[in-house]
């Protein structure tokens with residue numbers, strides 16, 4: 001399975017925001033923190049905002065924060081939304097593609113089951129489960 005670069009970047013942005021959910025980060029800070037050009041970060045933040053995953057505030061005191069707790073954000077839902085319309089292989093395309101082995105190919109069923117398994121793992125995984133414990137998080141857990 002391979003994700004689009006933009007999905008990878010979106011997951012990195014969410015992880016960065018999840019490190020300290022109370023803190024607003026500017027797109028410049030996100031860009032530097034995840035190693036992705038600022039213009040890409042800005043577009044992805046817009047997509048994440050439209051999906052209800054992040055909140056944005058404009059202005060000098062503005063920035064980006066998670067829209068809900070990391071424990072309520074499921075990786076599978078993110079991937080499904082950002083990868084919508086991306087076919088794993090030719091025959092999975094919405095128009096059926098141009099595979100010379102369709103409709104008798106058995107590989108398609110194997111790949112479909114593999115993709116379902118991949119997504120099942122992502123569906124069962126929250127953003128919180130993917131976060132590395134930072135000193136800030138460890139202090140909060142001790143309370």
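Odds and ends about this structure:
- Within the range 15-41, the residues that satisfy the criterion of being under 19 Å from residue 130 (Cβ atoms) and more than 13 Å from the chain's Cα centre (by Cα) are 19, 20, 21, 22, 23, 25, 30, 33, 34, 35, 36.
- Verdict on residue 44 being under 18 Å from residue 131 (Cα atoms) and modelled with pLDDT of 95 or more: no
- Some residue of the range 86-93 being out of contact with any strand residue (DSSP E or B) (no Cβ under 8 Å at 6 or more places or on another chain) and closer than 16 Å to residue 8 by Cβ: yes
- Considering residues of the range 65-89 that are in contact (Cβ under 8 Å) with a residue 60 or more places away in the chain and part of a loop (DSSP other than H, G, I, E, B) only, the residue surrounded by the fewest Cβ atoms within 10 Å (Cβ to Cβ): 86
- Test: residue in the range 16-28 that is modelled with pLDDT of 95 or more, outside any helix (DSSP H, G or I) and within 18 Å of residue 119 (Cβ to Cβ): no
- Given (1) surrounded by 14 or more Cβ atoms within 10 Å (Cβ to Cβ); (2) under 30 Å from residue 22 (Cα atoms), number of the condition residue 118 does not satisfy: (2)
- Scanning the range 90-131 for residues that are in contact (Cβ under 8 Å) with a residue 60 or more places away in the chain, in a loop (DSSP other than H, G, I, E, B) and over 15 Å from the mean Cα position of the chain (by Cα) returns no hits.
- When residue 2 is tested against (1) touching a helix residue (DSSP H, G or I) at 6+ places or on another chain (Cβ under 7 Å); (2) over 15 Å from residue 55 (Cβ atoms); (3) not in a helix (DSSP H, G or I), just one condition goes unmet, and that condition is (1).
Yes/no matrix, rows are residues, columns are (1) modelled with pLDDT of 85 or more; (2) closer than 17 Å to residue 2 by Cβ; (3) out of contact with any helix residue (DSSP H, G or I) (no Cβ under 9 Å at 6 or more places or on another chain):
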position	(1), (2), (3)
70	yes, no, no
79	yes, yes, no
88	no, yes, no
99	no, no, no
111	yes, yes, no
117	yes, yes, yes
123	yes, no, no
127	yes, no, no
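The values are calculated or read from the model by the stated rules, or taken from the named source; none is laboratory data. For clarity, every value in this text was computed on a predicted model and none was experimentally measured. Neighbour counts run over all protein chains shown; Cβ positions are idealised from the backbone, glycine included.
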